[in-house]
Amino acid sequence: MITAEVSGHCDTRFAPVRDALAEQLASGEELGASIVVDLDGATVVDVWGGWRDAERSVPWTQDTIVNVWSTTKTVTALAALVLVDRGLLDPYAPVAKYWPEFAANGKEAIEVRHLLSHTSGVSGWEAPFTAQQMYDTEAATAALAAQAPWWEPGTASGYHAQNQGHLIGELVRRVSGRSLTEFVAQELAGPLEADFTIGTPPAAWDRIAPVIAPPPLPIDMSALDPESPMFKTFTGPVADANNANTPAWRAAELGALNGHGNARSVARLLRVLSLGGAGLLSPETIDVIFDEQSHGPDLVLAVPLRFGIGFALPETETVPYAPQGKACYWGGWGGSLIIADLDRRLTISYMMNKMAPGIIGSERSEAYVRAVEASLAA
């Protein structure tokens, strides 16, 4: 078998990061991946390596992109924050102020911040609902507006795994007049020169590294209460990683799930936060992120999480390797990860195609973050 090489740029100080990627590729734990570290606006690591395909016949190159799963949510949240910064969206206003239909079925008091922090009680679609139905943005969004919350809004987080992009995307559409896909392209990816799209056009498909599905989640659905948020979220709809490799998925607007990019493009977008707004957001808007909305066991993921508005905030139990202090993060199913550390003006971005077990981070994510920390400490 041909040995995968690590390509790109890495400052000498951060050699442990390149070495960590090389080690994971050599072991076979990693198939193909990219890692970027931005420190104070300078890209000190931009490396990639491995393969786009399971047969290891097509190398992962500088312009390879991949479905980044829920890392997409961080870009969708950034889009919402831009509208907050422009005075078009108030995170503390009722969702129904902008989207009147959402008030149905006892949701009139749910605020924008509840959607952004996974505390709205609307963490999925009422069954029966298929993944394919998500692709019809208008119908899927209308279904969310019509249903009742599954727990008292604002009292706890319950991860809005597959539908958060529909919820926030509809707010973006209502206040900007543009779809989420258009808004991200025109207001974020274009100006920031980031190779990132919600969904992806056919012209880019030859650059995509198909995702390699992980083992099944270690959840015994038969043992769950069918009325629990966990059961209802994981069955409304049932997730199948292989859907991400289909034309229908790539053509859809799934602002929680089907962003396509790589470590470089995600870092270019989210370093806006690490760098104090970078002319896109005011310090006051960035502070909104750190208004803690929940801290405790998540009703869907069943692990302790701490959510601000739009992002997870540091806690020491579930993702202990995330920076503490004024930092925020999130990632995607299988292990992709984006971290914005405002205290150190540091951004860490990792995107890959071979999905690891679990939903939040992975052993590989941790290895790379710890390599970054070791480099900074040296």
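Given a cut-off of under 8 Å on Cα pairs at least six residues apart, what relative contact order in percent is computed for the range 3-97?
Values: 106 pairs, mean separation 21.1, N = 95.
For the range 3-97, the relative contact order is 22 percent.
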What do you get for the angle between helix 164-176 and the principal long axis of the chain? Use alpha-carbon atoms, 0 to 90 degrees, nearest ten.
70 degrees
Hey, what angle do you get for helix 137-146 against the long axis of the chain, alpha-carbon based, 0 to 90 degrees rounded to 10?
50 degrees
All aspartates and glutamates inside 16 Å of LYS232 as judged from Cα atoms, apart from same-chain residues fewer than 8 positions distant
GLU126, GLU152, ASP220, ASP240, ASP298
Signed unit charges on C-beta, dipole axis of the range 6-377, positive-most listed residue GLY124, VAL369, ALA156
VAL369
Across VAL45, VAL112, VAL84, the residue with the highest GNM fluctuation in the chain (Cα network, 10 Å cutoff) is VAL84
Residue among ALA256, LEU305, ALA80 farthest towards the positive dipole end of the chain, charges placed on Cβ
ALA80
Would you work out which of PRO214, GLY334, VAL44 lies farthest towards the positive end of the dipole of the range 6-377, given +1 charges on the beta-carbon of Lys and Arg and -1 on that of Asp and Glu, about the Cα centre?
VAL44
Placing each pseudo-label 7 Å from Cα in the direction of the beta carbon, ASP287 and ARG178 end up separated by a distance in nanometres of 2.8 nm
Counting pairs of alpha carbon atoms under 8 Å apart in space and at least six apart in sequence, what relative contact order in percent does the chain give?
24 percent
Potential extension, GLU138-GLU5 segment - 0.36 nm per residue separation minus Cα distance
43.5 nm
In degrees from 0 to 90, rounded to the nearest 10, what is the angle of the helix 263-274 Cα long axis to the longest principal axis of the chain?
60 degrees
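Laboratory data are not the source of any read-out in this text; all were calculated from the coordinates shown. Just so it is clear, the structure is predicted and the values come from calculations on it, not from any experiment. Don't worry about glycine lacking a Cβ; one is built from the backbone with ideal geometry, like all the others, and counts go over all protein chains shown.
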